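Some notes on the structure that comes next.
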Amino acid sequence: MRSWQAPDLPALTVTGPSVVLHDTARGDRTTLAPAAGESAGLYVCGITPYDATHLGHANTYIAFDLLNRAWRSAGHPVRYVQNVTDVDDPLLERAERVGVDWVELAERETQLFRTDMEALRVLPPDEYVGAVESIPLVIELLQRLDAAGALYTVESDVYFSVSADPAFGRESNYDRNTMLRLFGERGGDPDRPGKKDPLDCVVWRGEREGEPSWPSPFGPGRPGWHIECAAIALTHLGTTFDVQAGGSDLIFPHHEMCAGHVQVDTGEPFARAYAHAGMVGYDGQKMSKSLGNLVFVSALRNSDIDPMAIRLSLLRHHYRSDWEWTDDQLWAALDTLADWRRALALGAGAPAAPVVTEVLAALADDLDAPRATAAIDAWVAATLGTQGLADTSDPHAAATLLPVLDAALGIKV
Ligand code: 5CA
Ligand code: ZN
């Protein structure tokens, strides 16, 4: 499907350091340095388009936009793939409940997501791929998994046997009780009778009355959730790529199952690293479509809020932390952006070269955007003379900083 419009990406005259990222599977930091001349491969799980785009979504996509940008700053081309879960239970349930056609709902919300991503200056994926259009890829992968003996059926549904995956648990490292609890909470069916292991997941859901379905060698039905991302990543990024990313609610079962499907198919590990953004809360709970405690990016934009202030308010939190949204963070970001603009409009300012070094170093250091934005704040304070004499000793300060703010942080002032 169509991706979205790319923002300009100014070329930098300095090269950033190699990118270090916290890998969920290792439980530790790892250096992501693709071989010279090779692209870095990035898969970020996309939205389920029935209620786009809340600030939790925006936070996750902006987090991994920083990774995309940090790799590019370090001189690596990036191949970026993202899916759209444009057929799945929550989407169908919402469409049914509000009485709209599920295809129309998905298209409308996907389009809204595109315009939100453009406004927030998120670099678009090279391949933006829907679940529905990927059904042939899913079926091919399922046939290979079936040949490997990893599938079985319960009534009309096809299940993946987690015992077929010798490395099951490699990504989340959760104990079995935690897996069982999260599987039940996040779309799994641990209690269904007839399964070989309660953790086995549906990979092909047999046709149900009133639900869309597609023909397959396993009977009419539709793809399960995890097989969708496994098939899309495998097809568009190859057997092993650098990073699979998403919010921390995807650690288990989603990313574990994706890795399991591909491990059984290819005998190779899936992503080299797994990165997870923290959850944004609102009114004391995780911002979620099912709870309905949402702040929409489009609603803020419709209220004349500068999207760069939305982006800045999210960048003030480290991507791995869980935090609570409050409106005053947005007002603070608007004020900060006004100060940044005032200082950068002067042309001359405090020495900019060390700030550039610090911003690129911070972002390469596990995407430390709070540290990067603090470096800009300090430069702005020195330039405006907030705490003493204004420092205008660098005549080209603004011209040096502006492209870095844009290319590395995605903030266009
Ligand atoms: N379509 C699947 C992934 S294949 C899905 O999880 N869609 S989603 O629309 O529910 O979420 C899209 C992304 O936003 C996921 O990475 C999810 O982890 C992230 N996300 C959802 N809610 C929040 C939140 N409150 N805070 C941070 N990230 C969130
Ligand atoms: Zn996914």
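The values are calculated or read from the model by the stated rules, or taken from the named source; none is laboratory data. What you see is a predicted model; the values in this text were computed from it and never measured. Neighbour counts are summed over all protein chains in view; Cβ atoms, including those assigned to glycine, are modelled from backbone coordinates with ideal geometry. Calculation scope for accessible area: heavy atoms of the full protein, side chains included, ligands and nucleic acids excluded. Shrake-Rupley method; radii C 1.70, N 1.55, O 1.52, S 1.80 Å.
Here are the numbers for the structure shown:
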read-out: Options T235, T266; residue that is hydroxyl-bearing (S, T, Y), in contact (Cβ under 8 Å) with a residue 40 or more places away in the chain and more than 11 Å from ligand 2 (Cβ to nearest atom); value: T235
read-out: Only listed residue being in contact with a helix residue (DSSP H, G or I) (Cβ under 7 Å, 6 or more places away or on another chain), closer than 16 Å to G224 by Cα, open to solvent by 10 Å² or more (accessible area, probe 1.4 Å) and polar (S, T, N, Q), chosen from T48, T85; value: T48
read-out: The one condition in (1) touching a strand residue (DSSP E or B) at 6+ places or on another chain (Cβ under 9 Å); (2) more than 27 Å from V132 (Cβ to Cβ); (3) away from ligand 2 (no atom under 16 Å from the Cβ) that R114 fails to fulfil; value: (2)
read-out: Failed item in (1) touching a strand residue (DSSP E or B) at 6+ places or on another chain (Cβ under 9 Å); (2) among the hydrophobic types (A, V, I, L, M, F, W, C); (3) over 21 Å from A40 (Cβ atoms), with I305 passing the rest; value: (1)
read-out: So D304, is it of a type in the set (D, E, K, R), open to solvent by 60 Å² or more (accessible area, probe 1.4 Å) and in contact with a Ser or Thr (Cβ under 9 Å, 6 or more places away or on another chain); value: no
read-out: Total residues in segment 235-293, condition surrounded by fewer than 20 Cβ atoms within 10 Å (Cβ to Cβ), modelled with pLDDT under 95 and of a type in the set (A, V, I, L, M); value: 1
read-out: Filter result for the condition that a residue is open to solvent by 50 Å² or more (accessible area, probe 1.4 Å) and in contact (Cβ under 8 Å) with a residue 40 or more places away in the chain, over T373, T386, T357; value: T357
read-out: Unique match (being free of Cβ contacts under 8 Å to residues at least 12 places away in the same chain, among the acidic types (D, E) and over 23 Å from V243 (Cα atoms)) among D101, D116, D157, D89; value: D101
read-out: Residue list for segment 196-240, filter: more than 16 Å from ligand 1 (Cβ to nearest atom) and more than 30 Å from R97 (Cα to Cα); value: K196, D197, P217, G238, T239, T240
read-out: Among (1) out of contact with any Lys or Arg (no Cβ under 7 Å at 6 or more places or on another chain); (2) open to solvent by less than 70 Å² (accessible area, probe 1.4 Å); (3) under 21 Å from A106 (Cβ atoms), the one test that D197 misses; value: (3)
read-out: Residue match in segment 280-294 (condition: away from ligand 1 (no atom under 12 Å from the Cβ) and in contact with a helix residue (DSSP H, G or I) (Cβ under 6 Å, 6 or more places away or on another chain)); value: no
read-out: Which listed residue is within 12 Å of ligand 1 (Cβ to nearest atom), part of a helix (DSSP H, G or I) and surrounded by 22 or more Cβ atoms within 10 Å (Cβ to Cβ), from A58, A70; value: A58
read-out: Number of the condition not met by L334 [criteria: (1) farther than 19 Å from S313 by Cα; (2) in contact (Cβ under 8 Å) with a residue 24 or more places away in the chain; (3) not charged (D, E, K, R)]; value: (1)
read-out: Qualifying residue in segment 31-42 (condition: assigned to a strand (DSSP E or B) and surrounded by fewer than 21 Cβ atoms within 10 Å (Cβ to Cβ)); value: yes
read-out: Only one of W4, W102 that is within 16 Å of ligand 1 (Cβ to nearest atom), open to solvent by 30 Å² or more (accessible area, probe 1.4 Å) and in contact with a Pro (Cβ under 9 Å, 6 or more places away or on another chain); value: W102
read-out: Of residues in segment 73-87 being within 14 Å of ligand 1 (Cβ to nearest atom) and in a strand (DSSP E or B), the one farthest from P223 (Cα to Cα); value: V81
read-out: Looking only at segment 63-111, and only at residues there that are small (G, A, S) and under 26 Å from S39 (Cβ atoms), the one that is farthest from ligand 2 (Cβ to nearest atom); value: G75
read-out: Evaluation of D249 against (1) within 15 Å of ligand 1 (Cβ to nearest atom); (2) farther than 19 Å from F168 by Cβ; (3) over 15 Å from the mean Cα position of the chain (by Cα) (one fails), failing number; value: (3)
